[in-house]
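Have a look at the structure below before the remarks.
The values are calculated or read from the model by the stated rules, or taken from the named source; none is laboratory data. The structure displayed is predicted, hence computed values, not measured ones. Cβ sites come from the backbone with ideal geometry, for glycine too, and all protein chains shown count toward neighbours.
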Amino acid sequence: MVVNVELLISKYGLVAVFLAAMLEADVIPVLSGVAAHRGYFNPFLAVAAASFGALAGDCLWFYVGRHALIKNSATLQRIRSKAEVLFRRVGHWQIPASHVIYGTRVATMTFLGARGSPVGRFVLLDGVSCLALTTLLFSLGFALSASVSLILNSVRRVEVVLLVAVATGGLVLHLLGRRILQGPAGGEHTSQ
């Protein structure tokens, strides 16, 4: 099933940007920058929707971490001491870092909730980092939107060239492997 993002954004607009940013706070600001450049909606409202969506998603994971089921889980108890060492070393810089280090966002927000971090400080720091990162990614999407079709066509050509190169390399390796197994005279290789 292929989802047409452009159709979703044109039909649901900023609500789609908000909800999608709750789940994926990296790609959605770039796509909303492209959509805003194409005139689907106001750029400032798109940045706000994506920022608030990312913050809402982070707050959701923060509150999931506060639940007793997570706080008392065996997995958290097992990793808690290592996570606390990392948190003491990095401090609250862990929040903006989790937005740029792939795969750490949900774990960071959940852990911060489970460790009992103050809600006000969390919302303030996470809100600022969401706004900063969303603005940066949105700007990239907005600035590069004119080049998107050119980039996609170039990527398509590179994919075809790579496919041909891999297939040719595989064929050569297969033929060389057969040649080595047959031995130098074309007969089967025998050992003494």
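Within segment 61-74, not a single residue is in contact with a Cys (Cβ under 6 Å, 6 or more places away or on another chain) and under 26 Å from residue 32 (Cβ atoms). Scan segment 123-134 and give yes if some residue there is surrounded by fewer than 21 Cβ atoms within 10 Å (Cβ to Cβ), modelled with pLDDT under 85 and of a type outside the set (D, E, K, R), otherwise no. Within segment 123-134, not a single residue is surrounded by fewer than 21 Cβ atoms within 10 Å (Cβ to Cβ), modelled with pLDDT under 85 and of a type outside the set (D, E, K, R). Is one or more of the residues making up segment 173-181 modelled with pLDDT under 80, in contact with a His (Cβ under 9 Å, 6 or more places away or on another chain) and part of a helix (DSSP H, G or I)? Yes; the residues of segment 173-181 include at least one that is modelled with pLDDT under 80, in contact with a His (Cβ under 9 Å, 6 or more places away or on another chain) and part of a helix (DSSP H, G or I).
Restricting 92, 67 to those that are closer than 25 Å to residue 25 by Cα and touching a Leu at 6+ places or on another chain (Cβ under 6 Å) reduces the list to 92. So, in segment 112-124, how many residues would count as being part of a helix (DSSP H, G or I) and under 21 Å from residue 80 (Cβ atoms)? Count: 6.
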